1. Roughly what would the spin-label model give for B:S191 and B:E416, points 7 Å off Cα along C-beta, in nm?
2. Can you compute log10 of I(q)/I(0) for the range A:262-418 with the Debye formula, treating each Cα as one identical point scatterer, at q = 0.21 Å⁻¹?
3. Quick one: work out Rg over Rh on the C-alpha atoms of the range B:480-636, Rh as Kirkwood radius.
4. Measure up A:K386/B:K450; B:K252/B:K450; B:K252/B:K349 against 23 Å on the Cα-Cα distance and list the ones that go over.
5. Over its Cα atoms, what ratio of radius of gyration to 2.2 N^0.38 Å does the range B:336-494 give?
6. Give the relative contact order (percent, whole number) for the range B:393-523; include only Cα pairs under 8 Å separated by 6+ residues.
7. Can you pick out the pairs among A:K4/A:K225; B:K496/B:K564; A:K16/A:K176; A:K4/A:K114 whose Cα atoms lie more than 26 Å from each other?
8. Can you tally the net charge around A:I106? Count Lys and Arg as +1, Asp and Glu as -1, for every other residue whose Cβ sits under 14 Å from the Cβ of A:I106.
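Just so you know, all these numbers are worked out from the coordinates, no wet-lab data involved. Predicted model only: the values in this text are computed from it and were never measured. Using ideal geometry, Cβ is built from the backbone for each residue, glycine included, and neighbour counts are taken over all protein chains shown.
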Amino acid sequence: MARKKIREYDSKRLLKEHLKRLVHIDLPICSAQVTESTDFTELLEKESWLSQRRLVVKPDMLFGKRGKSGLVALNLDFAGAVEFIKKRLGQEIEIEGCKGPITTFIIEPFIPHKEEYYLAISSERLGFNISFSECGGIEIEENWDKVNSIFLPTKSPLTDEAIAPLIADLPSEIGKKIGNFMKGVFAVFQDLDFSFIEMNPFTLVDGEAYPLDMRGELDENAAFKNEDKWGNLEFPLPFGRVLSPEESFILDLNDKTSASLKFTLLNPKGRIWNMIAGGGASLIYTDTVGDLGCATELGNYTEYGGPSEEEMLKLARVILDCATANPDGRKRSILIGGNIANLTDVGATFDGIIRALKEKKSELKEANIHIYVRRGGPNYLTGLAKMQAVGEELGIPVEVYGPEAVMTGICNRAIEGM
Amino acid sequence: MLTISTTFTGKGLAKSIHTDAKVSSPSSQLPNQKSVMLPSWIFQKIPSLITSHISPSPLERRDILVRLSSSGNEFSQPYLARSEREVICSFPSYFLYSSLCAEAMATGQLFSRTTQALFYNYKQLPIQRMLDFDFLCGRETPSVAGIINPGAEGFQKLFFGQEEIAIPVHSTIEAACAAHPTADVFINFASFRSAAASSMSALKQPTIRVVAIIAEGVPESDTKQLIAYARSNNKVVIGPATVGGIQAGAFKIGDTAGTIDNIIQCKLYRPGSVGFVSKSGGMSNEMYNTIARVTDGIYEGIAIGGDVFPGSTLSDHILRFNNIPQVKMMVVLGELGGRDEYSLVEALKQGKVNKPVVAWVSGTCARLFKSEVQFGHAGAKSGGEMESAQAKNQALKEAGAVVPTSYEAFEAAIKETFDKLVEEGKITPIKDVKPPQIPEDLNSAIKSGKVRAPTHIISTISDDRGEEPCYAGVPMSSIVEQGFGVGDVISLLWFKRSLPRYCTKFIEICVMLCADHGPCVSGAHNTIVTARAGKDLVSSLVSGLLTIGPRFGGAIDDAARYFKDAYDRGLTPYEFVESMKKKGIRVPGIGHRIKRGDNRDKRVELLQLFARTNFPSVKYMEYAVQVETYTLSKANNLVLNVDGAIGSLFLDLLAGSGMFTKQEIDEIVEIGYLNGLFVLARSIGLIGHTFDQKRLKQPLYRHPWEDVLYTKWGMVVWFLDDLFVRLNGGSPSFPSCPAPQFPQHENTVKAVAFFAAM
């Protein structure tokens, strides 16, 4: 659990709903979401403004620079918007090196405007960074020197004095409006556990602030406090990240337990597979395989912490299935590694892995799997002995190492003779 | 060096006491501070100073004023007397500590060999591990002063070496802090939902200086509040999402450094020269090993936790280590994501760190991943280029840290740096001590196969250890799925086998038939009386159950025993009945108050019909019927009653099912299974009567005078009868209703003599 980006549609939905609740600002924004499953007739019934106003359509997929990439359609009627979407829905595109299909769009009223303001709030360790610029819009990066920022320490209220440096250059009437809007957005930011909000740009409609484009990021750790406030919220994967069935299976498993289970498939044809305990150690093992020049052979990134035997079995099954899926006679290695545990019972964790190994005996042999184990901590001797024994029982080469060995030593062993 | 004058005055004291305490503080007089730092021994000393000077008159609270003064600052506080002579000093140490905390991060030491902690949310294992560590280090006092377990109070027994000690348990943070004013570390094992709130109230306690938060998943905004409060109040937060930290040979937080074997392996029972800080708790333990291999060991190690916003940062601790004279070099293990490493870069560049720093930032693999990846730690996320491991390693190297080329080369870099310090004479070899042996816990010794211990209880009917409870090996789920009834459950738990459906159905019929017999029978009566006396359900139920015995409810058991004995010995009904008569025993299971030979008990007929239809053999019942035929010839009310029917048919069930050996049947009859059936069945009725009385709000029952025969003469009859029996040396005259045993009182003898003379 950590910071999670949310869709523009949800950012705006939360902002509109809670600006009204917290500071009684009624944003006149409307937005509609379109995915593959959208029934346009139903949508039209629900959101009548779609047929009454000119529209803007853009993908809502957590990537930016949509305007620059020609993915924003302006000033369409509903039929035009539908046509624009239908043409692109499911189409694969590439954004900054990440490829993926477009699956979600947002439709909004087309707002002709002149002013484009920039507003960003980000949560920092000791407070908040609030940035504002009169020169927002797609050229913001070129105009970065025109962005003013203030730092607001954690417990300080966002007062007019605090905001003053940001809006000093604006005419006082507009400055006051925008200042109030900022205070409202900041209240929503704090109340809903946002970690980042950016509006680039927002404009003024009839003298009132009106966000045109918006990005938001929530702190998923705070989900338990915000169940009602967030409502039905989706945390989409970063653009370009399409989960394999195995990855979705583990993600699903991870969401249902207090244990930590992470599995990322890097290369299905890879010949080095990881089964590493601990957030810190998993990173270092992965680094080391890369350092040894075998990054391309790395099949997966995996991290687990505190799983039950049953959960460990399920995770191990997935990894073994992937590791044995493409046998080609050449040596394949599985790294069952980890640091010297503080409190995890190593023997018990290994029981789940051993059950999976026994299930996949023939697949392991066919894929020429070599297993390298390194672990220390409570009950590690039992765990290592069990691993050694299962190797002998199944006729699979297993090497085991305890805390006396360098943690990443098995990476060297794994790539030898590959 | 700083001198603090401590003055105690008050009417409870024989004379006023004045002591000067020399206090050594890293920065003896802190500028711009209104107060001074006192070491914890002063707090421990104050009560004994007072008690040793108490006059003979008893103390009362607020008798004595303790005045501390230093450099023109003065502070006084009445002490608290817990009893006449026992004194606890609840000195508001915030006054004293505020200065310590002000510069704590900069001045160095957070812990010492006398540091004590309060432990929030009782967890046996980590506390025991802390105490084991204390013992290993030769600490005199346990490092856990008290435990806070919301809603509980009392003591928890734990081991301190070979001895057991009782650690006080408090229900609130405030109470714990008041009771243990010298405990200045708060170790928070609360869940992520409540960790922030409990940590905040701990930080607000004047006596608490350091808060370590173990939970992973504390909301960022909550952590930020803690950070802000800690900063403005000069306190230290370690974590969240951390295992904690350790000062070798002095103090350890929770599970840090794992098992005792590992602590010994890493020589953490005595201080070395290396200060270590990392994000990862698991990797910190790994690094304690690595560092112990190539240096003289850890002086202090802290895991700041893997969150985006740690309570204290890598650089906070490095700057602190820099001010600890015993720390000669520092090792840092950073991670991709966040910018914390850059504040260390800044500190290095500004020359704020003058000891060697060996650093490595892990996560160089992030560039292997095409799209954004969230690694194991919340803070480990490939952000911008600046937050990458590569960029941070580069910056640290440029700022003067020793940065290896990979994690694999980390150990060598640490060794090289250490060896250089030794060469330069900056590190003097540490004299190694042998730590005491810690007795192994029975549980872990058994687990590792080193010892065995006898069990104290044996159970053969059920097992609750697996995925779901099993009755005689049958999982609960299949009991429900297969549509088993209460009879089947009785069959599994009492007979340890699955009996055929006709048997379990018969058991169920018996339970139904025996469930109740109206309010007038003695069991129900007792239950009603007890319920009306305002007693609870269980008391009312058992007062009825306790009535069950030879005269009430015991007939089924007896019927089965006597019928079985007679049948097995081949007695004819005539021989059986007459032999019973001779012994003066009424045949159990025969006779009814209302039913007659021409008006049979409907229940008996139904049982017989069921058995004849379903049982493979009903030989015992047939025998009982023959006995009935004979007794009916003597008197018309001597019919086979429901007790006799159940008793005899139960014998047929056992014998006819073919599932019990002869020995098993004997044992079942012997140890009172049938009585068990009655107890079980009648509990249903007794519970019903209890609820009935309570529902009806019946008042206390009192037996009416009119219904009692008050007479002395009645007593005399019994005395005479008793005397008669004694004189004749024969059997009692009312065998089926034996006389109560009266105590042999001298009046009895006198009375007997009196009446005999009449």
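1. 5.0 nm
2. With no solvent term, the Cα-only Debye profile gives -1.51.
3. Working: Rg = 18.3 Å, Rh = 18.1 Å.
Radius of gyration relative to Kirkwood radius: 1.01.
4. Correct reply: B:K252/B:K450; B:K252/B:K349.
5. Numbers: Rg = 29.8 Å, N = 159, 2.2 N^0.38 = 15.1 Å.
Dividing the Cα radius of gyration by 2.2 N^0.38 Å gives 1.97.
6. 10 percent
7. On the way: A:K4/A:K225 16 Å; B:K496/B:K564 23 Å; A:K16/A:K176 20 Å; A:K4/A:K114 32 Å.
Correct reply: A:K4/A:K114.
8. On the way: positive: A:R7, A:K12, A:R13, A:K16, A:K58, A:R66, A:R88, A:R215; negative: A:E8, A:D10, A:E47, A:D60, A:E108, A:D213, A:E234.
Charge balance in the 14 Å sphere: +1.
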